[in-house]
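The values are calculated or read from the model by the stated rules, or taken from the named source; none is laboratory data. Bear in mind that the values here come from a model prediction, so they are computed numbers and not experimental data. For the accessible areas, the whole protein counts, side chains as well, though only heavy atoms, and no ligand, DNA or RNA atoms are used. Shrake-Rupley method; radii C 1.70, N 1.55, O 1.52, S 1.80 Å.
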Amino acid sequence: MLDVHRLAVLRAVVETGSIQAAATNLGYTPSAISQHVAALQRETGTPLVERHGRGIRPTEAGRLLASHAGQIQTQIARAETALADLRAGKTSRLTVRYFATAGAVLIPPVIAQFNRRFPEVRVELRLGKGLAGEAADADIMVLDDTARVPTGLRAIHLLDDPFLAILPPGHALAAAEVIELGRLRGEPWIDNEWPTSICRQTMLDACGAAGFNPNFVVEAHDYATAVAFVATGLGVTMIPRLALSALPAGSFTGVPVTRPTPVRSIFVVVKETTESHPPLSAFLDLLREAAAARR
């Protein structure tokens, strides 16, 4: 049987790429780290690291074991958490998955109120977008894309989140109350999402409906980076209103757009068989209240 502690040492070596660095991180001597790795190699009967220049690198077997070591450590951490919950008198658990904007804006006030009402329930918050592979381990999913809701799940609409045009300081349209999207046709644009995201597609579809394709001069995969580029005057972008409220104030202006107005819809998805569970039902009510306050 493989020694779990030695697996953890191997993982540290693989992650840092160095015996010395692993020793520093774990509080061991380099000699002790080398002994643990050597013992693990004897247990497995295969080399796990090899010399590479003046340093070392993992073999294929070493990378494989390090990957499994990470999974094992995750399970151990969850077991320790579950045991701590029992000791603390927490008798149930609620797993919530959310996308980034919801995590920044909607979830925190809900958690604060929920914890006061249900101190015996542990809430696990996990970042994740989409339904694929996530429905099985989540009680609640806050999503901005529910195109394919599997049987047994129910999608509950929370709010519609319109996009705003984000303009640099001094822009000719910055003082407008609303902007026709077509007026941004000739502007340089800042991309702000991964190519496969629903929000990016919503932005592109809206621009297409206004008769143009954005001329992206900067690629960014998050809103904070995108608006930072906008603030320097490099271009314009569009982001959902809820996302803008999660960003610190800066040298940019958010203006509603029309003809068309791109909108993303935000839903909470739950298992039909658990919706009446009291803590889950209370969490849903708090989510609805938080969403209503943002409309």
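Return one whole number: the accessible area per residue of the chain in Å², for a 1.4 Å probe.
52 Å²
Near the amide H of VAL123, under 5 Å away, which other amide H atoms are found, from residues 5 or more places off or on another chain, if H is placed in the peptide plane?
HN-HN under 5 Å from VAL123: LEU94.
What three numbers, in Å, describe the spread of the alpha carbons of segment 246-295 along their principal axes, ordered from the longest?
45, 27, 14
Show me, for segment 38-53, the HN-Hα J-couplings you get by feeding each phi into the Karplus relation (A = 6.51, B = -1.76, C = 1.60, θ = phi - 60°), rounded to Hz, glycine and proline as x.
Calculated HN-Hα couplings, in order: 4, 5, 5, 5, 5, 4, 8, x, 8, x, 10, 9, 9, 5, 8, x Hz.
Could you tell me the center-to-center distance, by alpha carbons, between segment 6-22 and segment 241-295 in angstrom?
Value for the Cα centre distance between the two parts: 42 Å.
Heavy atoms only, probe 1.4 Å: what % of the accessible area of segment 137-272 goes to carbon and sulfur, would you let me know?
51 percent
Short version: ³J(HN,Hα) in whole Hz for each residue of segment 280-286, in order, from phi by Karplus 6.51 cos²θ - 1.76 cosθ + 1.60 (θ = phi - 60°), x for Gly and Pro, what are they?
Per-residue couplings from phi come out as 5, 4, 5, 4, 4, 4, 5 Hz.
Of (i) 6, 21, 19, 13, 12, 9, 7, 7, 5, 2, 0; (ii) 7, 28, 34, 21, 8, 1, 0; (iii) 6, 21, 20, 20, 20, 10, 2, 0, which one was derived for P(r) over Cα pairs in 10 Å bins from 0, in percent from the structure shown?
Read-out from the structure maps to (iii).
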